[in-house]
Amino acid sequence: MIDISNARFAFLDIETTGLSPWFGDRICQIAVVLTEGKRIKTTLDLILNPEHEVSPAAFHVNKLDEEKLSASPRFAEVTDQLEAVLKDAIIVCHNAQFDLQFLDNEYRKLGRTAEYPNLIDTLLMARDNFDMESYSLQYLADAFHISKNLPTSRAQADALTAKNLFFAMMDTLKPNGKPLEDYIGIYSSPAWPQEGAYLPTELSEAINSGKRLFIKYMDKGGEISERWISPKEVLGLADYIYLKAFCHTRNAERSFRLDRIIEVAVEVQKE
């Protein structure tokens, strides 16, 4: 039985140029918080040259400058450094399918496979054990009264939040008597989804909420518009992933490229 108090954990978060490695999106930042039990042993925060343009939606989230990215090392140059940190650790991340599909893609480009025998997804852990209105990382952090981290990069802040969330959930679940092993799964390549696309938690929850959404959308010319939409379905088309929706502003059905939706909010319905 694994002793959680001295187990080696690697809390992982990845920032990307967009939503889909199948359409060329790449990793632009990797953060890892390595712990022994709850004690932080070391941290890793790597800015990478993704060799791919950062989408409007991704830039809105991670604020990573194209010039800084282009001067940074490529994934192949940091692979050994990353593997040294992850070796023999239980990898923990929030919405693991989304992040690991990008790692999988980078390893494929190197002619290798990404395999992690010990993986915990705090998103699945929360969904399986807690009844919440949302399972986004920030919503869960607020629900478990996890204090905000000091200003750091987006990736490192999220990795630290995932760490604090994981231990808060484990402390809450302690009376259940389940060993740590019960929360561990195995990840092995390939990660290509068989049904639909893996999306960030907040975006996926918004699309599937059954409610109208207020979005800010940047078109290919850089113009930003605001509109109310009712989502219908997510489609993988020839060039990218789109959201098919009824646009209340235009009073017509429209398709929106998901990596150009820079803000989204679910309509709050009055009691």
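Only the coordinates and a few stated rules stand behind these numbers; no lab work does. The structure presented is a predicted model; accordingly, all values stated were derived computationally and were not measured. Here Cβ is always computed from backbone atoms with ideal geometry, including for glycine, and neighbour counts include all displayed protein chains.
Numerical summary
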| quantity | calculated |
| --- | --- |
| Distance in nm between pseudo-label sites at ASP131 and ILE186 (7 Å out along the Cβ direction from Cα) | 3.5 nm |
| Summed side-chain charge close to SER72 - residues other than SER72 whose Cβ falls under 13 Å, Lys, Arg +1, Asp, Glu -1 | -4 |
| Trypsin sites (Lys or Arg not before Pro) restricted to segment 47-84 and DSSP loop, no more than 13 other C-beta within 10 Å | LYS63 |
| Likely footprinting exposure, MET1, MET170, MET125, MET132, fewest C-beta neighbours within 10 Å first | MET1, MET132, MET170, MET125 |
| The chain - share of DSSP beta bridges that are antiparallel (%, nearest 5) | 90 percent |
| Estimated [θ] at 222 nm from DSSP helical runs (n ≥ 4, -39500 (n - 2.57)) normalised by residues in the chain, nearest 500 | -8500 deg cm²/dmol |
| Cut-off 12 Å (backbone N to label point 7 Å along Cα→Cβ of LYS211), residues of segment 118-148 | 133-134 |
| Check: segment 8-194 dipole with +1 on Lys, Arg Cβ and -1 on Asp, Glu Cβ, in debye | 400 debye |
| Spin-label proximity, ILE2 to segment 142-177 - amide N less than 19 Å from point 7 Å beyond Cα toward beta carbon | 159-177 |
| Sorted by Cβ neighbour density within 10 Å, fewest at the top, the residues ILE184, ILE2 | ILE2, ILE184 |
| Under the Karplus curve 6.51 cos²θ - 1.76 cosθ + 1.60, θ = phi - 60°, whole-Hz ³J(HN,Hα) for segment 123-131, x wherever Gly or Pro sits | 5, 5, 4, 5, 5, 6, 10, 9, 9 |
| Positive-end residue, the chain charge dipole about Cα centroid, Cβ charges, pick of GLY210, VAL234, ILE27 | GLY210 |
| Exposure proxy order (Cβ contacts within 10 Å, fewest to most) of HIS145, HIS94, HIS248 | HIS145, HIS248, HIS94 |
| Inter-part distance where segment 123-187 and segment 226-240 are each reduced to a Cα centre, Å | 30 Å |
| Highest-MSF residue in the chain out of SER153, SER225, SER204 [GNM, Cα springs under 10 Å] | SER225 |
| Computed E for SER230/GLU66 - FRET, C-beta separation, R0 30 angstrom, nearest 0.05 | 0.30 |
| Sequence-distant lysines (8 or more away, or on other chains) whose Cα lies within less than 22 Å of LYS244 | LYS211, LYS216, LYS220, LYS232 |
| Degrees separating the helix 154-173 axis from the principal Cα axis of the chain, which is the longest one | 60 degrees |
